[in-house]
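Just below is one structure, and these are the notes that go with it.
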Amino acid sequence: MPNDESDFTQVFRGYDKDEVAKALQGLRRDLIKANTHSAESSKEVRRLSAQIDELNAIIEEVGSPTFSG
C-alpha cells in the first residue's frame, strides 16, 4: 500500500466518520475565517485607495512648491 499521509483512523470500509466530520468542521471554520479576513482586507484596500486619491487631489490642487511660493 502506498504511503498514506492522512491522520484518519482506518476502519472497515474507509475512515472513521467522526474524525472526518471533525476535520471538515475545522476546515469550514478556517475557510470562514479566511473569507472574513479577505473581506476585511478588501475593505481596507478600498479605504486606503480612496485616501490616496484624496491626497493626490490635494497635491494637484496645491501644485509644485517653489522657493518663491
Any residue that is part of a helix (DSSP H, G or I), among the charged types (D, E, K, R) and modelled with pLDDT of 95 or more - is there at least one of those in the stretch 4-23?
yes
For the stretch 14-44, give me the residue count where each residue is more than 17 Å from the chain's Cα centre (by Cα) and of a type in the set (A, V, I, L, M, F, W, C).
4
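Yes/no matrix, rows are residues, columns are (1) in contact (Cβ under 8 Å) with a residue 60 or more places away in the chain; (2) within 30 Å of D7 (Cα to Cα); (3) not aliphatic (A, V, I, L, M):
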| site | (1), (2), (3) |
| --- | --- |
| L27 | no, yes, no |
| T36 | no, yes, yes |
| K43 | no, no, yes |
| S49 | no, no, yes |
| D53 | no, no, yes |
| I59 | no, no, no |
| V62 | no, no, no |
L27 fails exactly one of the following numbered conditions: (1) modelled with pLDDT under 95; (2) surrounded by 10 or more Cβ atoms within 10 Å (Cβ to Cβ); (3) of a type outside the set (S, T, Y). What is the number of that condition?
(1)
Quick one: is E60 at pLDDT below 95, surrounded by 10 or more Cβ atoms within 10 Å (Cβ to Cβ) and acidic (D, E)?
no
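The values are calculated or read from the model by the stated rules, or taken from the named source; none is laboratory data. This is a predicted model, so every value here is computed, not measured. When we count neighbours, we look across all protein chains shown, and the Cβ atoms used for this are built from the backbone with ideal geometry, even at glycine.
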